[in-house]
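Contents: one structure, followed by commentary.
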Amino acid sequence: MDLQERIARRRSAHQGREIVVDRDHLSPVVHRAEPVGRGPVLERLLDEFEPVFDSELPPPIAVDGPAGSGTSAIVTALFDALNERLGESTRTIGTTTRAGSMGPITWFVYVDGRRVESAFAFYRTVLSVLSTESVPASGVGTDEFRERLRDRLDRPNHRAVIALDHHDEPETLSYGRVRDLLEPVDGSVSTVAVGQTVPDRWDDEQPTVSVPDYRHHELVDIVTDRASTGLAAGALAHESARELATWAEGNAHDALAALFGAGVLANAEGSDRLESHHLETARADVPDNGVHLDRALALSETRQRVLLDLIAVDSTDTPIRDVATKIADRSSLTTGTVKRFLYELADRGVIERVPLPANGSGRRPSAVVPRFPTIAFRALGPDSNGDETEADGASEGEAAETPHGDLPDSSP
């Protein structure tokens, strides 16, 4: 961000008098164009990508790191920079086919596994980068998309490097599955597996770039950088930034989720700075060993609204069936459909089932609690009072066909 933009933001803050100046700059699910404190890791990745500067493909690469270490931010920043800088200045790397161009072209394609769960969606995502024309969302089949991809890359001067992010999370395409999907164009593509772990059966001799936790001073820089552009001037004391970084223990997601949550709370109170009680409440809202906020935001709108209602009804000590009934009363969904969603989301790890005290001789009932920051989710998710949608198999008629169905109240 240049100096003029910084001045403009501060002027806007004084005119609006709101503590949150730019939610995107504060949001834990938005990446910076240049990740803070990750220069050495980017250099290691550029070393592995060295062949692209000679119009060749790099070998398959794994990028792994613990939660909140910035693996997604690093890869998206690198791919954007390669496409933008080299794609415009040379014919070695580009994002589109130029009319009459005979030079080699290598596309860099980032695939977010949280939002791409099928072969159809995968091919469509890749083609949306490789194609100069819009790619239809319906009306064509997976086989046709596969042929389009083959046609696009079946030329000696066309190549693609495809990164699959979150390959090791529940319900996402696995790295092995993506390799199978790319088999028809195997000679024209290379892959990058991004996640908390390397793919199954990854050879020790294959390149792996491991991303460490953020060190304390790096995390302080990240919090300070986000606060300087996302909050009004002077809203966050430097000592508070240091305390937040210490609490987060190297996890940038948790630090930014707490910072964002504190900003939301302070904004609601009309405060001109983040006070200690804002930060304490926001930190308490970020679960220990929880999941990334984007795991919840990547769900269909219907499931997000179920989560919003789950937060609203305070499910901590209430059996799942009773919670499902309360949520159904707030929406157009049936109790059975809501219950199915809750078990599904628990299987995905987005919410957690917590055993409750046993009632009599039956099996112990369980409650469900969120595993993601709820303050930030309420601020960034859909309006919980809006119209219900029925997406991704959310119709009520499907409830009886699911493995869970209407489970007994005493189910664990």
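The values are calculated or read from the model by the stated rules, or taken from the named source; none is laboratory data. Not measured: the values here are computed from a predicted model. So basically every Cβ, Gly included, is an ideal-geometry build from the backbone, and we count neighbours across all protein chains shown. Each accessible area value is taken on the protein alone, full model and side chains, heavy atoms only, with ligands, DNA and RNA left out. Shrake-Rupley method; radii C 1.70, N 1.55, O 1.52, S 1.80 Å.
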- Message: Pairs needed: first member in the stretch 166-186, on the phi > 0 side of the Ramachandran plot; second member anywhere, among the hydrophobic types (A, V, I, L, M, F, W, C); C-beta distance under 8 Å; at least 6 residues apart or different chains.
- Response: His166/Val194
- Message: Condition first: part of a loop (DSSP other than H, G, I, E, B), open to solvent by 30 Å² or more (accessible area, probe 1.4 Å) and either modelled with pLDDT under 80 or of a type outside the set (D, E, K, R) (or both). Can you find one or more residues in the stretch 106-118 that meet it?
- Response: yes
- Going through the stretch 165-213 in order, the residues found to be in a strand (DSSP E or B) and either buried (at least 16 other Cβ atoms within 10 Å of the Cβ) or not small (Gly, Ala, Ser) (or both) are Asp165, Val189, Ser190, Thr191, Val192, Ala193, Val194, Gly195, Thr208, Val209
- Item | Where Ala233 falls short, out of the listed (1) at pLDDT below 95; (2) in contact with a helix residue (DSSP H, G or I) (Cβ under 6 Å, 6 or more places away or on another chain); (3) under 16 Å from His31 (Cα atoms); (4) not aromatic (Phe, Trp, Tyr) | (3)
- Query: Taking Ala266, is it surrounded by fewer than 16 Cβ atoms within 10 Å (Cβ to Cβ) and at pLDDT 95 or above?
  - Reply: no
- Of the residues in the stretch 126-164 that are in a loop (DSSP other than H, G, I, E, B) and of a type in the set (Asp, Glu), the one that is surrounded by the fewest Cβ atoms within 10 Å (Cβ to Cβ) is Glu133
- Message: Residue pairs, Cβ under 6 Å, 6 or more apart or interchain, first in the stretch 221-245 and open to solvent by 40 Å² or more (accessible area, probe 1.4 Å), second of a type in the set (A, V, I, L, M, F, W, C) and assigned to a helix (DSSP H, G or I). List them.
- Response: Thr224/Ala241; Arg242/Val220
- Task: Among the residues of the stretch 21-38, write down those that are within 16 Å of Asp80 (Cβ to Cβ) and either in a helix (DSSP H, G or I) or open to solvent by less than 40 Å² (accessible area, probe 1.4 Å) (or both).
- Result: Asp24, Pro35, Arg38
- Query: In the stretch 220-240, what residues are in contact with a Lys or Arg (Cβ under 8 Å, 6 or more places away or on another chain) and part of a helix (DSSP H, G or I)?
  - Reply: Val220, Asp225, Ser228, Thr229, Gly230
- Query: Can you find a residue in the stretch 119-131 that is over 19 Å from the mean Cα position of the chain (by Cα) and over 29 Å from Leu299 (Cα atoms)?
  - Reply: no
- Item | Of the criteria (1) modelled with pLDDT of 95 or more; (2) hydrophobic (A, V, I, L, M, F, W, C); (3) surrounded by fewer than 20 Cβ atoms within 10 Å (Cβ to Cβ), which one Met102 fails | (1)
- Message: Being at pLDDT below 95, open to solvent by 20 Å² or more (accessible area, probe 1.4 Å) and of a type in the set (A, V, I, L, M) is the filter here; which residues of the stretch 63-99 pass it?
- Response: Ala81, Leu86, Ala99
- Message: Testing Tyr343 on (1) under 26 Å from Arg114 (Cα atoms); (2) in contact with an Asp or Glu (Cβ under 9 Å, 6 or more places away or on another chain), one condition comes back false. Which one is that?
- Response: (2)
- Name every residue in the stretch 107-140 that is aliphatic (A, V, I, L, M) and in contact (Cβ under 8 Å) with a residue 24 or more places away in the chain, in order of residue number. Val109, Val111, Val116, Ala119, Val126, Leu127, Val129, Leu130
- Task: For Val286, indicate whether it is crowded, with 24+ Cβ neighbours inside 10 Å and within 25 Å of the chain's Cα centre (by Cα).
- Result: yes
- Item | Every pair of residues 6+ apart whose Cβ atoms lie under 6 Å, when the first sits in the stretch 289-314 and is under 17 Å from Tyr343 (Cα atoms) and open to solvent by 30 Å² or more (accessible area, probe 1.4 Å) while the second is at pLDDT 95 or above and assigned to a loop (DSSP other than H, G, I, E, B) | Arg295/Val350
